[in-house]
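*Asks:* Sending over a structure as structure tokens; questions will come in a sec.
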Amino acid sequence: MRKLVTDSRPRIAVANTPVQHLLPVLLTRCLYENVVRGGASDTLSELARFICRSKRLVRVISLNVDNLLELEVERTDPNRLEVISRQRHRVQTGIPTYHLHGFLPIDQLHDVPKWAQSRRSSRQGTKKTSQVREHSHEPVPEGVVFTDSQYWQSVATPLSFANFVFANALHDSSCIFIGLSMTDLNVIRWLGLSATEFRREYEREFAVRGQWQFQAPNPYFRHCWIRPGTDDRTGFVEHFLAKRGVYTHAVENWGAKSVRGALGELLEFDPKANA
């Protein structure tokens, strides 16, 4: 394994790396070996554009282990995002970004390609401690999920990192789901618990007022799922999510133009005007 990651590109300096740490660096090498970013507009660049333009963005949650989105955002705003984990949880000036299934940034490579080199200015970097600067560049391999057992272990306790982050997002913000499988069992569970809690609080409020006869808002649209039309041909998932407060926005395809249009509508949406 040492020979593989040191003799051919992309290389990783592992001469003094303990054996137990070799697997994460090998995974990183395999993950980015054939990745190239040429600057053309695509879904990733449109997401980065949305993140840089949005003034109401509270957090970014990803189930991916790469840092391609962070690198894309850096092209426009080097200090916009800050990667947070259970061990590194202090947010400075950026928007917190959470990788719920572990984190393997490209920075582990010895010869990081030019397109992926950090654009954070040295002037700004000198104002940060090493602990803060490492947020976006230090791997979190302990959270990587391979097996069914690891998948359920990540959410086995009420205050697990994944449960805590997702529950807070559903509670205090309106979420945009894009590029995420909405039939994922944990996503369904999180949405179901959130919708149940909302209805319980709604009923409690009316009970305090003595208004026993009431009609709770159903569906209560608070979140949005962006998907191409081919992802739900029967409409079953859309109907299922509507019962959990998720509005579905269908796009023609994952091309840059379609994604930009959908995200642009969300940017222009005024919740006060539509209250």
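The values are calculated or read from the model by the stated rules, or taken from the named source; none is laboratory data. Note that the structure is a prediction, hence the values are computed from the model and not measured. Glycine gets a Cβ as well: all are built from the backbone with ideal geometry, and neighbour counts include every protein chain shown.
*Asks:* For the range 177-189, give me the residue count where each residue is at pLDDT below 95 and either among the hydroxyl-bearing types (Ser, Thr, Tyr) or under 16 Å from Ala242 (Cβ atoms) (or both).
*Replies:* Result for the range 177-189: 5.
*Asks:* Can we say Asp111 is over 19 Å from the mean Cα position of the chain (by Cα), touching a residue at least 24 places away in the same chain (Cβ under 8 Å) and over 26 Å from Val145 (Cβ atoms)?
*Replies:* yes
*Asks:* Does Val65 qualify as being under 28 Å from Glu142 (Cα atoms) and either touching a Gly at 6+ places or on another chain (Cβ under 7 Å) or charged (D, E, K, R) (or both)? First the steps, then the outcome.
*Replies:* On the way: under 28 Å from Glu142 (Cα atoms): yes; either touching a Gly at 6+ places or on another chain (Cβ under 7 Å) or charged (D, E, K, R) (or both): yes.
Yes; evaluated as a whole, the condition is true for this residue.
*Asks:* Oh, and also: Every residue in the range 33-53 that is out of contact with any helix residue (DSSP H, G or I) (no Cβ under 6 Å at 6 or more places or on another chain) and in a loop (DSSP other than H, G, I, E, B), please.
*Replies:* Within the range 33-53, Glu33, Asn34, Val35, Val36, Gly38, Gly39, Ala40 meet the criteria.
*Asks:* Which of the residues belonging to the range 118-164 are within 17 Å of the chain's Cα centre (by Cα) and at pLDDT below 65?
*Replies:* His135 - this is the single residue of the range 118-164 that is within 17 Å of the chain's Cα centre (by Cα) and at pLDDT below 65.
*Asks:* Quick check on the range 18-49: of everything there that is among the acidic types (Asp, Glu) and touching a residue at least 60 places away in the same chain (Cβ under 8 Å), which residue is surrounded by the most Cβ atoms within 10 Å (Cβ to Cβ)?
*Replies:* First, pick out the residues of the range 18-49 that are among the acidic types (Asp, Glu): 33, 42, 46.
Remaining after also requiring touching a residue at least 60 places away in the same chain (Cβ under 8 Å): 42, 46.
On the way: Asp42: 15, Glu46: 23.
So the residue we want is Glu46.
*Asks:* If you go through the range 50-69, how many residues are under 26 Å from Gln108 (Cα atoms) and either surrounded by fewer than 16 Cβ atoms within 10 Å (Cβ to Cβ) or over 12 Å from the mean Cα position of the chain (by Cα) (or both)? Give the derivation first.
*Replies:* From the range 50-69, those under 26 Å from Gln108 (Cα atoms) are 51-52, 59-69; that's our starting set.
Next cut, either surrounded by fewer than 16 Cβ atoms within 10 Å (Cβ to Cβ) or over 12 Å from the mean Cα position of the chain (by Cα) (or both) only: 52.
The number of residues fulfilling the criteria is 1.
*Asks:* As an exercise: evaluate Trp115 against (1) part of a loop (DSSP other than H, G, I, E, B); (2) at pLDDT 85 or above and give the number of the one condition it does not meet.
*Replies:* (1)
*Asks:* Quick one: count up the residues across the range 242-270 that are touching a Leu at 6+ places or on another chain (Cβ under 7 Å), within 24 Å of Phe50 (Cα to Cα) and not in a strand (DSSP E or B). Outline the logic, then answer.
*Replies:* Taking the range 242-270 and keeping what is touching a Leu at 6+ places or on another chain (Cβ under 7 Å), we get 244, 246, 248.
Still in the running and within 24 Å of Phe50 (Cα to Cα): 246, 248.
Within this subset, residues satisfying the condition of being not in a strand (DSSP E or B) are none.
The total comes to 0.
*Asks:* Counting only residues that are over 12 Å from Leu191 (Cβ atoms) and surrounded by fewer than 15 Cβ atoms within 10 Å (Cβ to Cβ), which one in the range 222-246 is nearest to the chain's Cα centre (by Cα)? Show your work before the answer.
*Replies:* Of the range 222-246, the ones over 12 Å from Leu191 (Cβ atoms) are 224, 226-236, 238-239.
Checking the rest, the ones that are also surrounded by fewer than 15 Cβ atoms within 10 Å (Cβ to Cβ) come to 228-230, 233-236, 239.
Numbers: Pro228: 19, Gly229: 22, Thr230: 23, Arg233: 26, Thr234: 27, Gly235: 25, Phe236: 25, His239: 24 Å.
My answer is Pro228.
*Asks:* Out of Ile95, Ile61, which single residue is of a type in the set (Val, Ile, Thr), at pLDDT 90 or above, under 30 Å from Gln153 (Cβ atoms) and in contact with a Cys (Cβ under 9 Å, 6 or more places away or on another chain)? Before the answer, list the steps.
*Replies:* Values: Ile95 fails: in contact with a Cys (Cβ under 9 Å, 6 or more places away or on another chain).
Every option except Ile61 fails the conditions.
*Asks:* Within the range 80-91, take every residue that is touching a helix residue (DSSP H, G or I) at 6+ places or on another chain (Cβ under 6 Å) and in a loop (DSSP other than H, G, I, E, B) and give me the one that is surrounded by the fewest Cβ atoms within 10 Å (Cβ to Cβ). Working first, answer last.
*Replies:* Pass one, the range 80-91, residues touching a helix residue (DSSP H, G or I) at 6+ places or on another chain (Cβ under 6 Å): 80-83, 86, 88.
Narrowing the set further to residues that are in a loop (DSSP other than H, G, I, E, B) leaves 80, 86, 88.
On the way: Arg80: 18, Arg86: 14, Arg88: 17.
In this case the residue turns out to be Arg86.
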